[in-house]
Amino acid sequence: MTGIMPTLNATQRDAVTHERGPALVLAGAGTGKTRVIIERLAWLVDERGVDPRNLLAMTFTNRAADEMRTRLAERLGMRRVGAWLGTFHAFGLYVLRRNIGALGRPGEFTVIDDSDQLALMKRLCKELPPRHDRVSPREALRWISLHKQDVSSPESEPATGEQKTLHLLWDLYHKALRKSNALDFDDLLVLTARLFGEQKDIRDRYSQRYGHVHVDEYQDTNRAQYVIARELVHDHDNLFVVGDEDQSIYSWRGANIKNILDFQNDFGGASIYRLEENYRSTKTILDVANAVVRNNEERLGKTLRSVRTDATPVRVYEAMDANDEARFVADDIAGEGLSTRGTAVLFRTNGQSRLIEEALRRKGLAYIVIGGVSFFGRKEVKDILAYLRLMVNHADDQAVRRVLNVPPRGIGTQTMDIIESYAAGRGCPLLEVLRDIEHDQTLARRAREGVARFVEIIDELAIRARSAPLADVVKALLEAIEYHDYVKRSDERDFRTGLDIVDEFLSACAQFDETRRGDLGVFLQELALVSQVDELDPDTPAVKLLTCHSAKGLEFDNVYLIGLEEGFLPHASAVESEREVEEERRLCYVAMTRARERLTLTWARARLVYGLKNAREVSRFLLEIPPELLERVAAGYNEPPRAGAKPAGAQPVDPDSIAMGTRVRHAQFGTGTVMYTKGTGNKMRARIRFQTGRTREFMVSVAPLEILERKKR
């Protein structure tokens, strides 16, 4: 250790050599937390003579666990260390394989994966009694998972409407698992926590075996993981956790920030070590990130300090609109001669990538989308394009194959084989066969009706596309096939992302109507050229495009954080909850601290949302940064951003003009009537009942609303 200790800073050294009892290492971004864990484990073995088999360290991903094993083995000069290093789920499986019988469960269980879970839940949803509301299988699984991670049961909750359905699915799902002698991934945590809570002898055996327990990324633990860690140190309190409350951004996955905030209360006498020396970013980047995150109430408090002496200013660009923002990013990367390998563009939602992708292509800059699919490669975009292609080219068999049963129309594999056989025998396109299939009594009635409706939609919209704006055609298509509802019912893990993609595509169509004034054929030709991008190897020099969530754990020389507007960052779904706003602020902090050398922040005064041009308001997070920390890039505006700033010429809805009874049109949901309002000014929210019977609540200042008729006083 004499050769290692001098290379650690004072706080790292204190944390590594913590003797006994609970310890919390608050490790800010870029402060060397992984190294502290490795050196801590090595110090216990080398300096304190702890048998490696008495060491336990749990993390969240297999990749992180593998890295921990490799680095510790290298550090100790061993081929195999003998310590238990792995994920929480792997540890749960290890314990349950040996002890699940104590819970009255058979020992030879299987663990089902995501696809098995989904298949089971689909079947259960399909078999629901008629009197129950229908729910998405994915949404049901998510609801069940959040309850299980919180070590809670929904039995005490009121069960009406959709909740009644979810309660029933909870029971049916777990009965099906028990019948199959199967566990899901959440069970690996929940049952382990239950086992330790109910079987004290088993708990004591593991607590005595693992005299030193370590947890990485403690801010991401859920209630079940907290219980496991707490029970494991019942006999000795030697719990060493590393985390950063300012990087807690996964509450939607079950993470509970209270675990790290309440650590000192939960584990009396705990020592806290604050790692504040950042080895990644410049001083100006850290000053800006600190200025934002310090506005949160739910934090233990620390201030990152850069060990670097160089300082490149953090820049902010105020764009006229979203196209201007995308052009600026592409021009700046090219003009500054930045390495594409070390450059990343971060955004809050996947739909924001479209304009950036187009701008980079026009500049001839290679890019890859990390943690997701390119906008033009998304299923939703490909579905809509297939319909549009058929309106122009009735012989496009590939388009027919893609969307004939999207959304489902009762056209199964057998029916499709018959259709393909007819087309091959007659030597004609599939759509021509479909025109006659309505009269084929050998096919099921539902399939014949579905085919007839499909052909009708294509023919009607093909005529309309000859004269109507493209955006109107796409809106009519989405309504005719009820595509928004289909996305919500789909198997995607997060249907909201799919809806964002659909809405962004609609914005692309509206933009085409404004700038190109061509017909549908021209649009498809241009898009075909745009979307034909060679697959890039991840190691190929290319700009990285990714969401702020996907960026956690990564770092880049140059970072562009775009869309710093109310409704994007913070996201519109979070603005009514201060706790959710704080998580959005942490997300902003995470995004900023990904940058090593250069950080550029951008926002747009106007943006197409749901196909309509809307005024935008600068993000509160950007306003929280002292002006002297920012260097403004010339863009026609010299004044600093202001709360409530709107682009010239835009006509946003004045909240004072909205009242109960006002008739409005929403770009996505259509015409409706305001039921009531709450709040004032830019914080006003309105509950609107639409002609479809659906009711939704919106923040008036950011929603794409148009007033049709004010209530007469």
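The values are calculated or read from the model by the stated rules, or taken from the named source; none is laboratory data. All figures in this text were calculated on a predicted structure; none of them were measured in a lab. FYI the Cβ positions are ideal-geometry reconstructions off the backbone, even for glycines, and counts take in every protein chain you see. The accessibility values were calculated without ligands, DNA or RNA, using every heavy atom of the protein model including side chains. Shrake-Rupley method; radii C 1.70, N 1.55, O 1.52, S 1.80 Å.
For the chain, with all protein chains present and a 1.4 Å probe, just round the carbon and sulfur fraction of the accessible area to a whole percent. Write down the numbers at each step before the final one.
Working: 14720 of 31570 Å².
Percent of accessible area from carbon and sulfur atoms in the chain: 47.
A simple charge model with +1 on the Cβ of Lys and Arg, -1 on the Cβ of Asp and Glu and nothing else charged puts the dipole of segment 1-115 at about 140 debye relative to its Cα centre. Just want the answer: with Cβ charges of +1 for Lys and Arg and -1 for Asp and Glu, which residue in Gly337, Gly371, Ser577 is farthest toward the dipole's positive end in the chain? Positive-most Cα among the choices belongs to Ser577. Rolling a 1.4 Å probe across the protein heavy atoms gives the chain an accessible surface of 44 Å² per residue.
The slack between Ala468 and Glu576, meaning 0.36 nm per residue of separation minus the straight C-alpha distance, is 35.0 nm. Oblate is the label for segment 552-620. Its Cα gyration tensor axes, ordered a ≥ b ≥ c, give a/c of at least 1.5 and b/c at or above a/b.
Backbone amide hydrogens, once placed in the peptide plane, bring Thr221 within less than 5 Å of Asn256, excluding anything fewer than 5 places away on its chain. Rounded to the nearest Hz, the phi-derived 3J(HN,Hα) couplings of segment 388-400 under the Karplus curve 6.51 cos²θ - 1.76 cosθ + 1.60 (θ = phi - 60°) are 5, 4, 5, 5, 8, 10, 5, 9, 7, 5, 5, 5, 4, where x marks glycine and proline. When Ser207, Ser145, Ser180 are compared by accessible area of protein heavy atoms, the largest-first order is Ser180, Ser145, Ser207, using a 1.4 Å probe.
Note that segment 330-346 has calculated 3J(HN,Hα) couplings of 5, 5, 5, 4, 5, x, 7, x, 6, 5, 5, 4, x, 10, 9, 10, 10 Hz, one per residue in order, obtained from phi through the Karplus relation 6.51 cos²θ - 1.76 cosθ + 1.60 (θ = phi - 60°); glycine and proline are x. Sequence-ordered 3J(HN,Hα) estimates for segment 187-204 from the Karplus curve with 6.51, -1.76 and 1.60 and θ = phi - 60° stand at 4, 4, 8, 4, 5, 5, 4, 5, 4, 5, x, 9, 10, 4, 5, 5, 4, 4 Hz, glycine and proline given as x.
Using Cβ point charges alone (K and R +1, D and E -1), the dipole size of the chain about the Cα centre works out to roughly 940 debye.
Please work out the FRET efficiency for the pair Val522 and Asp417, using the Cβ-Cβ distance as r and a Förster radius of 35 Å; give the result to the nearest 0.05.
With a Förster radius of 35 Å, E is 0.45.
With an a/c value of 1.5 or above and a/b not larger than b/c for the gyration tensor axes a ≥ b ≥ c computed over the alpha-carbon atoms, segment 147-293 is described as oblate. When the charge dipole of the chain is built from unit charges on Cβ atoms (+1 for Lys and Arg, -1 for Asp and Glu) and taken about the Cα centre, the candidate among Thr497, Ser353, Thr547 whose Cα reaches farthest toward its positive end is Thr497. Per-residue ellipticity at 222 nm computed for the chain from its helices equals -13000 deg cm²/dmol, with DSSP H segments shorter than 4 residues left out and the rest contributing -39,500 (n - 2.57). The simple Förster model, with R0 at 60 Å and r as the Cβ-Cβ distance, assigns His132 and Ser657 a FRET efficiency of 0.90. Past 31 Å, Cα to Cα: identify those pairs from Lys122/Lys258; Lys122/Lys475; Lys148/Lys613; Lys126/Lys613; Lys122/Lys379; Lys148/Lys475, in the order given. Going by Cα-Cα distance, Lys122/Lys258; Lys148/Lys613; Lys126/Lys613; Lys148/Lys475 fall outside the 31 Å limit.
In degrees between 0 and 90, to the nearest 10, how far off the longest principal axis of the chain does helix 88-99 point, with axes built from Cα atoms? Once rounded, one gets 70 degrees. For the pair Arg194 and Glu555, a Förster radius of 35 Å applied to the C-beta separation gives a FRET efficiency near 0.35, rounded to the nearest 0.05. Over all pairs of different C-alpha atoms, the chain has a mean inverse distance whose reciprocal, the Kirkwood radius, equals 28.6 Å.
Residue separation of Glu449 and Arg53 scaled by 0.36 nm, minus their Cα-Cα distance, works out to 135.9 nm of gained length. Scanning residues 5 or more positions from Val609 or on other chains, those with amide H under 5 Å from its amide H are Asn614, with H placed 1.01 Å from N in the peptide plane.
Taking 17 Å as the cut-off, the amide N atoms of segment 268-295 that come nearer than this to a point 7 Å along the Cα-to-beta-carbon line of Glu628 belong to 283-292.
Maximal additional length on extending the His234-Asn265 stretch stands at 9.6 nm, based on 0.36 nm per residue less the C-alpha distance. As I understand it, the dipole of segment 1-137 uses +1 on the Cβ of Lys and Arg and -1 on the Cβ of Asp and Glu, about the Cα centre. Which of Tyr94, Gly107, Ala83 lies farthest toward its positive end? Of the options given, the answer is Gly107. Here, segment 293-378 has an Rg and a Dmax of 16.3, 46 Å when only alpha carbons are counted.
For segment 1-156, the Kirkwood hydrodynamic radius comes to 19.4 Å, computed from all pairs of different C-alpha atoms.
Amide H to amide H, with H built 1.01 Å from N, Gly371 comes under 5 Å of no residue 5 or more places away or on another chain. In terms of overall dimensions, segment 378-457 has a Cα radius of gyration and Dmax of 11.9, 37 angstrom.
Each Lys and Arg Cβ is given +1 and each Asp and Glu Cβ -1; about its Cα centre, segment 221-279 then shows a dipole of about 280 debye. Where a ≥ b ≥ c are the square roots of the eigenvalues of the C-alpha gyration tensor, would you call segment 172-243 rounded, which needs a/c under 1.5, or, failing that, prolate if a/b is larger than b/c, or oblate? Since a/c reaches 1.5 but b/c is at least a/b, the shape of segment 172-243 is classed as oblate.
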